[in-house]
Every structure is written in C-alpha cells, then in structure tokens.
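The numbers here are math on the coordinates, done by the rules we state, and not lab data. For clarity, every value in this text was computed on a predicted model and none was experimentally measured. Don't worry about glycine lacking a Cβ; one is built from the backbone with ideal geometry, like all the others, and counts go over all protein chains shown.
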Amino acid sequence: MGPFRWQQAEGRRHAYHVEKTATPHPGIAFAALCGAEVTPEERDFIELSGWWHDPTCWSCDREWRVRAGFPDHDIPPLPKA
C-alpha cells in the first residue's frame, strides 16, 4: 500500500505520510502532502460514523504520485485556480 494514506479534513480528502505523521485523530492537526496543516473533525472518520464525500485535494494527489515514483504520464498537472 505504500507509506501514504488519505484522510478527509477541512473539506478535502488529503494525503499524509504514515512514517512522518501520527495516525490522524479528530481535533488534532496533521501536515498533508500538499503542505497544508489540516485538522480533521469526528465527521471526517468513517470509523466514527463519518462520510467520505469531500473532494480530493489535487495537490496531495499529485504529490503522492511524484513521491511514489509514478511515470510522468501518470502525474497530471494541477488544476488552474
């Protein structure tokens, strides 16, 4: 599965590095691969009866692909703001 995981927080599905970030918990901020520090809430955890309906953070998605060594053709450019 690799060293990265997804966690919903602050309206986006962010990725984090499991070897550099403690397992996310409600109310505790973590550093996402996109560089943002985000804080998940209880509703952001499926295990706590939450839902995964927030959209993917495309900066995290791209950074995951770069760090995981995806070939260039599988690393999309970031959407324009």
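With +1 on the Cβ of every Lys and Arg and -1 on the Cβ of every Asp and Glu, and nothing else charged, how large is the dipole of the range 4-70 about its Cα centre, in debye rounded to the nearest 20?
320 debye
At 222 nm, what value in deg cm²/dmol follows for the chain if DSSP H runs of at least 4 each add -39500 (n - 2.57) and the sum is divided by all its residues, to the nearest 500?
It comes out at -3500 deg cm²/dmol, rounded to the nearest 500.
Using DSSP to call loops (not H, G, I, E or B), can you name the GluC sites (Glu not before Pro) in the range 3-52 whose Cβ has at most 14 other Cβ atoms within 10 angstrom?
Counting only loop positions with at most 14 other Cβ atoms within 10 Å, the GluC sites (Glu not before Pro) in the range 3-52 are GLU19, GLU41.
Could you list which residues have their amide H under 5 Å from that of GLU41, counting only those 5 or more apart in sequence or on another chain, with H placed in the peptide plane?
GLU10, GLY27
Using only the alpha-carbon atoms, how far is helix 58-67 inclined from the longest principal axis of the chain? Give it as 0 to 90 degrees, nearest 10.
Roughly 60 degrees, rounded to the nearest 10.
Normalised by the residues of the range 4-70, what does the relative contact order come to in percent, with Cα pairs under 8 Å and at least six apart?
That works out to 32 percent.
Read through the labelled values (i) 12.7; (ii) 14.4; (iii) 13.1 and report the label of the one computed as Kirkwood radius over Cα pairs in Å from the structure.
For Kirkwood radius over Cα pairs in Å, the calculated option is (iii).
What residues have an amide H closer than 5 Å to that of ARG13, excluding those fewer than 5 places away on the same chain, when H is modeled at 1.01 Å from N in the peptide plane?
For ARG13, whose amide H was placed from the backbone, the distant partners under 5 Å are THR56, CYS57.
Any chance you could check the Cα centroid distance between the range 59-81 and the range 18-47 for me, in angstrom?
Each part's Cα centre sits 20 Å from the other's.
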